1. Compute the long axis of helix 199-211 from its Cα atoms, compare it with the longest principal axis of the Cα atoms of the chain, and write down the angle in degrees, 0 to 90, nearest 10.
2. For the chain, what is the convex hull volume of the alpha-carbon atoms per residue, in Å³?
3. What does the net charge come to around THR47 if you take all other residues with beta carbon closer than 15 Å to its beta carbon, with K and R at +1 and D and E at -1?
4. How big is the charge dipole of the chain about its Cα centre, in debye rounded to the nearest 20, if each Lys and Arg gets +1 on its Cβ and each Asp and Glu gets -1 on its Cβ?
5. Give me the percent of DSSP beta bridges within the chain that run antiparallel, rounded to the nearest 5.
6. Taking the Cβ of VAL399 as the centre, find all other residues whose Cβ is under 14 Å away and add up their charges (Lys, Arg: +1; Asp, Glu: -1).
7. If you take every DSSP beta bridge whose two residues both sit in region 5-84, what share of them, in percent to the nearest 5, is antiparallel?
8. Rounded to the nearest 500, what is the chain's calculated 222 nm mean residue ellipticity when only DSSP H runs of at least 4 contribute -39500 (n - 2.57) each, over all residues?
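Nothing in this text is a laboratory measurement; each read-out follows from the coordinates by a stated rule. Note that the structure is predicted; figures quoted are calculated from it, not measured. Methodologically, a virtual Cβ is constructed for each residue, glycine included, from the backbone with ideal geometry; neighbour enumeration extends over all protein chains shown.
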Amino acid sequence: MSELISNIGELMTQDGELGTLRDAAVVLEGERIAWIGPTAQAPAADTRTDAQGRAVLPGWVDSHTHLIFAGDRTAEFEARMAGESYSAGGIAVTVGATRSASDYDLTRLGLGRLAEAVSQGTTYLETKTGYGLDVEQEGRSARIASTVADEVTYLGAHLVPAGIDADDYTALVCGDMLDAVRPYAAWADVFCETGAFTPEQSREVLTACRDAGLGLRVHGNQLGPGAGVALAVEFGAASVDHVNFLADDDVARLAQSWSGWDAAALAGRGAGQRGTVATVLPACDLSTRAPLAPARMLLDAGVALAIASNCNPGTSYTSSMAFCVATAVLQMGLSVHEAVRAATYGGALALGRESGLDEDGARAVGTLAVGHRADLHMLKAPSATHLAYRPGVPLTAGVWREGVRKV
Ligand code: NIG
């Protein structure tokens with residue numbers, strides 16, 4: 001089955017060669033994009049959708065979420081808005097509720113959150129374990145996550161549960177717990193922060209997970225300055241997420257990590273040695289009243305940037321990538337094009353899904369080009385600028401995920 005989407009007012013491909021096209025058309029063939037060009041030259045297809053001058057972008061690539069949880073932390077949020085500061089300790093509340101939930105409920109809740117994200121234009125999504133924190137529960141979370149998300153990250157190193165020595169727990173994360181999640185997870189993450197895991201414990205976790213063949217990511221420099229960024233770059237992690245408190249050295253390390261990457265790649269098509277993406281989480285920064293991550297400065301320094309929702313019950317209970325993009329423009333100093341890019345191509349880069357067909361036949365996401373996954377987001381607006389110009393307005397008019405229309 002093929003579908004022609006014609007009369008697109010602004011087609012923001014995020015592809016370095018195609019750029020942004022006016023009065024454009026796209027042909028979808030099964031799960032992939034088969035043709036892109038001017039509407040006047042579009043080939044025939046089995047079905048036709050008239051975009052009526054609306055804007056079309058790649059679907060959002062949300063590279064950082066925590067969707068596998070039960071329970072509620074409204075009271076913690078209220079206390080924070082009344083002046084309390086965020087601490088990692090709140091994670092334990094969600095761990096208790098998650099452990100008590102049935103498989104059925106955890107799956108239903110996770111799929112409900114995914115559906116909410118897709119209805120707002122997200123077409124590729126990562127999610128993490130991290131609210132189980134024992135061998136059986138982390139294995140269960142990873143299994144359920146694999147039925148919900150495109151990419152699963154093992155985050156046994158989220159918090160040291162009460163009643164166990166931190167080093168003993170770290171050994172468990174690196175041993176039996178890792179074995180339990182290994183069939184389901186392609187990535188591992190560690191919350192390297194005061195109150196969570198020390199740099200030494202984080203190093204142990206990263207080493208064990210790398211040796212087990214998992215790709216790496218790090219929660220780093222969220223609550224204060226620390227070793228998260230340096231460790232992420234040293235281990236060749238695909239991303240370091242949060243990055244609110246950065247030293248000059250951290251920024252230099254992140255920029256330097258991309259020195260083996262073809263410069264054209266950051267503008268579109270990538271090749272060479274991938275570095276560590278800095279993933280900023282604007283909704284989390286607002287919800288925790290943290291200093292906003294320095295996204296403008298990171299881009300200016302040549303760091304590859306992603307924007308993600310960090311949807312989780314503690315620090316960022318939103319699945320709206322559009323909200324994150326609007327905040328990045330209005331509060332972090334990014335242009336609309338830069339923010340959309342970070343929320344599409346940047347997310348793909350953070351998940352290693354930015355180009356080509358991999359050995360499993362998975363297609364590139366985050367950019368619109370021939371052969372890439374047919375993941376598109378149509379706006380109820382003539383240009384992507386409306387995402388920031390009309391913040392908070394539901395602007396999603398259509399969503400195609402692997403070529404299938406969802407909205
Ligand atoms: O990415 N920082 C650590 N993990 C989550 C918060 C988890 C929670 O508080 O439940 C985050 O913000």
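1. The helix 199-211 is inclined about 60 degrees to the chain.
2. Values: hull volume 50.7 nm³, N = 407.
In the chain, the Cα hull volume divided by residue count equals 124 Å³.
3. Values: positive: ARG48, ARG405; negative: GLU3, GLU29, ASP46, ASP50.
With Lys, Arg at +1 and Asp, Glu at -1, the net is -2.
4. Details: 30 positive and 48 negative charges, 252 e Å.
The calculated dipole for the chain is roughly 1220 debye.
5. Values: 26 of 59 bridges.
DSSP beta bridges in the chain are roughly 45 percent antiparallel.
6. Details: positive: ARG54, ARG373, LYS380, ARG401, ARG405, LYS406; negative: GLU3, ASP62, GLU116, ASP375, GLU402.
Net of charged neighbours comes to +1.
7. Numbers: 11 of 15 bridges.
If we restrict to bridges inside region 5-84, about 75 percent are antiparallel.
8. Working: 16 runs with 138 residues, N = 407.
It comes out at -9500 deg cm²/dmol, rounded to the nearest 500.
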